[in-house]
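J.: Before anything else, here's the structure in question.
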Amino acid sequence: MKILVIIPAYNEELNILNTCKQLNKANKKMKWKVDYLVINDGSKDRTSEVCKENQLPCINLVQNLGIGGAVQTGYKYAYENDYDIAIQFDGDGQHDASYLSSLIEPIVNKEASMTIGSRYISTLSEFKSTKIRQLGIKILSFVLKVCTRKKVYDVTSGFRAINRDVIKLFKEDYPIDYPEPESLVNVVKHGYMIQEIPVKMNERKYGKSSITPLKSIYYMIKVSLSILINSIVIEKESENR
Amino acid sequence: MMLQLQIFLVCLIFIVLVCIFRFIKKKHLSMKYGIFWLLLLCLLLIPVLFPQMVEVISEFLGFEVSSNMVFLFAFVFLFYVIFVLYINVSKLVDQNKILTQELSLLKAKIEREDRK
């Protein structure tokens, strides 16, 4: 069982080393051993140097692509190097590596093709983001439910594991800008099982989140529309087959 | 249409034609798109030289004022051009993304093998 943890990183010079140390630590305790790979998305800070100095396995994108393009690079790498499972794990310290095996297990047991680490289905995570953002996530979750009939609570979670079938799907087609909610449509429409796993998430240690409050209303409208449009377009595609 | 206006418009078209030729020559404009604009300008010469034609067509289509027809056609055409540009930009962004990903993957692979 080959497992790859993909760490997208944009200007994460302060967090990236800790994230990788956490993964090393988790590796010793887990039943499965995971490889990890930092995708440096054209950072303007010293992320690339930090990776080099500490010999972290790293792909430096030659220019900034945005989170979607960066993660997709990881999926391409995972596909080409015959990984069975790929896990997205943010480089900013929000995710907790001790929950990796909870995400891996349902996929190994073939209970799900995709698992999502969720803040909202248990009391594990004290950090649940701001009230306004929670409302936004609830709305997106509702839009996804209406469009695909699948209920996912933490649609924006970037802590997610996928099996090889979904890796193949994502390496071909993955949204660029705010990919987390949008990519779920593709997975559901292709008939793959999604399972949410309760995890603990932390507030980010250093640096700012990529979504500023000013942009969040525009974000909501854009992502809702993209979920809706995607669910229509992909339906048409599968009918044509 | 007044003769002065006709002469002015013909001159204008001629100047733009010369500009397009120069852009093509300097390779600032690719031949594919250059030819499109050259043909378009030549087509524009027709209503300038035969303004009665515009009157006849706009009356036939039911426009009260023939200039309205010209504006509508110009608007629809510009909309079409911008839309085509959007499609081309989307395609370029996608191709650019793929190139960046493949190049970066390849670079990382070469560096890994150099280290061995």
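J.: Which residue, B:72, B:106, B:40, tops the fluctuation ranking in a GNM of chain B built on C-alpha contacts under 10 Å?
T.: Largest GNM mean-square fluctuation: B:106.
J.: Per residue, what volume in Å³ does the Cα convex hull of the stretch A:45-186 take up?
T.: It is 141 Å³ per residue.
J.: Could you give me D for chain B, from Stokes-Einstein at 4 °C and 1.567 mPa s, where the hydrodynamic radius is the Kirkwood radius over C-alpha pairs? Units µm² s⁻¹, please.
T.: Taking Rh from Cα pairs, D becomes 71 µm²/s.
J.: Throw me the Rg/Rh for the protein assembly as shown, computed over C-alpha atoms with Kirkwood Rh, two decimals.
T.: 1.14
J.: Another question, if that's okay. For the stretch B:1-49, divide the Cα radius of gyration by the Kirkwood radius and give the resulting Rg/Rh value with two decimals.
T.: Rounded to two decimals, Rg over Rh is 1.07.
J.: Residue A:123 accessible area, nearest 10 Å², 1.4 Å probe?
T.: 130 Å²
J.: Need the list of aspartates and glutamates near residue A:171 for cross-linking: C-alpha distance under 16 angstrom, and skip anything on the same chain fewer than eight residues off.
T.: Excluding near neighbours in sequence, the set is A:80, A:82, A:84, A:180, A:182, B:94, B:102.
J.: May I pose another question? Let me confirm one metric for peptide B:100-110, namely the mean number of other chain beta-carbon atoms within 10 Å of its residues' beta-carbons.
T.: Taking all residues of B:100-110 together, the mean is 6.
J.: So, one more: What residues have an amide H closer than 5 Å to that of residue A:39, excluding those fewer than 5 places away on the same chain, when H is modeled at 1.01 Å from N in the peptide plane?
T.: A:7, A:9, A:59
J.: Within the set A:76/B:109; A:151/A:222; A:29/A:131; A:145/A:189; A:222/B:91, which residue pairs have Cα atoms separated by over 24 Å?
T.: A:29/A:131
J.: How much mean residue ellipticity at 222 nm does chain A get from its helices, if each DSSP H run of length 4 or more adds -39500 (n - 2.57) and you divide by all residues, to the nearest 500 deg cm²/dmol?
T.: -14500 deg cm²/dmol
J.: Using alpha carbons only, how many angstrom separate the centre of the stretch A:16-35 from the centre of the stretch B:37-116?
T.: Between the Cα centre of the stretch A:16-35 and that of the stretch B:37-116, the gap is 51 Å.
J.: Still on this structure, I have one more. Please work out the ratio of the alpha-carbon Rg of the stretch B:65-116 to 2.2 N^0.38 Å and round it to two decimals.
T.: 2.28
J.: Moving on. Where only protein heavy atoms count, and the probe is 1.4 Å, what is the accessible area per residue for the protein assembly as shown in Å²?
T.: Accessible area per residue: 60 Å².
J.: Also: Using alpha carbon centroids, what distance separates the stretch A:63-93 and the stretch B:1-36, in Å?
T.: 49 Å
J.: Compute the long axis of helix B:66-115 from its Cα atoms, compare it with the longest principal axis of the Cα atoms of chain B, and write down the angle in degrees, 0 to 90, nearest 10.
T.: 10 degrees
J.: While we're looking at this one, here's another question. For the protein assembly as shown, give me the percentage of DSSP beta bridges that are antiparallel, rounded to the nearest 5 percent.
T.: Percentage antiparallel, nearest 5: 30.
J.: Can you work out ³J(HN,Hα) from phi for every residue in the stretch A:30-37, in order, using Karplus 6.51 cos²θ - 1.76 cosθ + 1.60 and θ = phi - 60°, giving whole Hz and x for Gly and Pro?
T.: Whole-Hz 3J(HN,Hα) from phi for the stretch A:30-37: 8, 5, 9, 9, 10, 8, 10, 8.
J.: Sorting check: for A:48-56, A:135-143, which peptide has the highest mean count of neighbouring beta carbons within 10 Å, and how do the rest follow?
T.: Highest-to-lowest ranking by the protection proxy: A:135-143, A:48-56.
J.: Let me ask another. Pop a pseudo-label 7 angstrom from the Cα along the beta-carbon direction at both residue B:86 and residue A:32 and give the gap in nm to one decimal.
T.: Here the modelled spin labels are 4.2 nm apart.
J.: Hey, what angle do you get for helix B:3-25 against the long axis of chain B, alpha-carbon based, 0 to 90 degrees rounded to 10?
T.: It is inclined by approximately 20 degrees.
J.: Tell me, what is the 1.4 Å probe accessible area of residue A:84, in Å² to the nearest 10?
T.: In the full protein context, residue A:84 sits at about 60 Å².
The values are calculated or read from the model by the stated rules, or taken from the named source; none is laboratory data. Since the structure is predicted, the reported quantities are computational estimates derived from the model, not experimental observations. We place every Cβ from the backbone using ideal geometry, glycine too, and count neighbours over all the protein chains shown. For accessibility, only protein heavy atoms count, side chains too; no ligands or nucleic acids. Shrake-Rupley method; radii C 1.70, N 1.55, O 1.52, S 1.80 Å.
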